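> Quick one: the structure is below, questions incoming.
The values are calculated or read from the model by the stated rules, or taken from the named source; none is laboratory data. On a predicted model such as this, the values are computed, not experimentally measured, just so you know. Don't worry about glycine lacking a Cβ; one is built from the backbone with ideal geometry, like all the others, and counts go over all protein chains shown. Ligands, DNA and RNA are excluded from the accessible area calculation, which covers all protein heavy atoms including side chains. Shrake-Rupley method; radii C 1.70, N 1.55, O 1.52, S 1.80 Å.
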Amino acid sequence: MKSSAFNLAFKVHRNEIPFAEGILKANAEGAAEDFLDALNSLAGEIRYDPAQLPDLLAQAQGAAGGAAGQPLQELKPSVDLSALFEELNNLHKKKRDLEEGIATLKTMAAQRYPMIVPGVNSVLLLITFAVFVMILFTMQLAILGLIFILVGLVGAGLLYMKDMKVLQKQRAEAERRRAKHEAEIAKLQALLEENEELTATKEAELKAAQQAIITARQGVFWSADGSPEASRLDIRNE
């Protein structure tokens with residue numbers, strides 16, 4: 001068996017080229033019978049009878065001559081399927097990345113940042129001054145004790161006001177971060193919608209290209225009057 005015949009049979013078996021193109025090329029190299037034997041071997045059964053070789057060649061010549069309305073070379077897909085598959089894989093990967101990014105930002109936007117509690121420091125300061133005042137009253141230094149009470153109250157008030165300002169700054173910063181995260185989420189969601197639209201378009205393009213290939217490879221064996229020759233010739237090689 002000639003290696004060229006086996007290579008052509010393998011391509012036909014894998015649906016890489018039509019049967020008609022394969023048998024005509026094999027016949028041009030004087031290996032048509034080897035081509036049929038290789039196809040039968042790959043299929044694991046007798047699908048093509050070498051005794052019918054003249055009829056098979058006649059059918060292939062008719063198909064190549066324009067029975068389907070176009071030459072075999074025009075049956076090649078107009079779309080690079082491998083590149084289209086790669087593009088779809090990249091789109092699906094990008095979709096997963098966008099969804100993960102959105103989920104992370106939503107978690108960050110909902111996160112509660114630690115904030116100061118106004119009044120705690122003031123209470124601690126008053127407790128400290130209260131201890132000093134008790135000591136001063138125990139030592140019969142009432143006037144000094146009253147001064148400490150006044151200083152403690154003023155200090156606690158000032159400290160409370162300071163804590164309130166810090167709390168306001170913390171709230172403003174938290175709101176700024178939340179707004180930033182929400183803006184980033186909206187941007188990623190817009191990209192996700194564009195990605196899904198492009199994916200749907202590419203999937204439709206892939207489906208149309210695959211259907212066109214199937215239709216072309218089936219139609220190439222129809223005779224000019226529309227009668228299917230596939231009833232006498234199995235070209236699917238499944």
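> Within segment 183-209, track down each residue that is at pLDDT 90 or above and among the charged types (D, E, K, R).
GLU184, LYS187, GLU193, GLU194, GLU196, GLU197
> Continuing with the same structure: Can you spot a residue in segment 182-193 that is of a type in the set (Lys, Arg) and over 26 Å from GLU99 (Cα atoms)?
No, there is no match, as no residue in segment 182-193 is of a type in the set (Lys, Arg) and over 26 Å from GLU99 (Cα atoms).
> Among the candidates GLU182, GLU175, which residue alone is acidic (Asp, Glu) and surrounded by fewer than 12 Cβ atoms within 10 Å (Cβ to Cβ)?
One residue alone meets the criteria, GLU175.
> Find all pairs meeting these conditions: Cβ atoms under 6 angstrom apart; at least six residues apart or on different chains; first residue within segment 180-192 and more than 18 Å from LEU91 (Cβ to Cβ); second residue β-branched (Val, Ile, Thr).
ILE185/ILE102
> Further, regarding this structure: Just to be sure, is LYS106 more than 20 Å from ARG14 (Cβ to Cβ), open to solvent by less than 90 Å² (accessible area, probe 1.4 Å) and modelled with pLDDT of 70 or more?
Here the answer is no, as LYS106 does not meet what is asked.
> Right, another one. When the residues of segment 148-171 are filtered to those that are without any contact (Cβ under 8 Å) to a residue 40 or more places away in the chain and open to solvent by less than 60 Å² (accessible area, probe 1.4 Å), which remaining residue is farthest from ILE102 (Cα to Cα)?
Within segment 148-171, the match that is farthest from ILE102 (Cα to Cα) is GLY152.
> Restricting the search to segment 15-49, which residues are under 41 Å from the mean Cα position of the chain (by Cα), open to solvent by 40 Å² or more (accessible area, probe 1.4 Å) and free of Cβ contacts under 8 Å to residues at least 60 places away in the same chain?
Within segment 15-49, GLU16, SER41, GLY44 meet the criteria.
> From the list LEU91, LEU36, exactly one residue is modelled with pLDDT of 75 or more, in a helix (DSSP H, G or I) and over 30 Å from GLU193 (Cβ atoms). Which is it?
Just one listed residue meets the conditions, LEU36.
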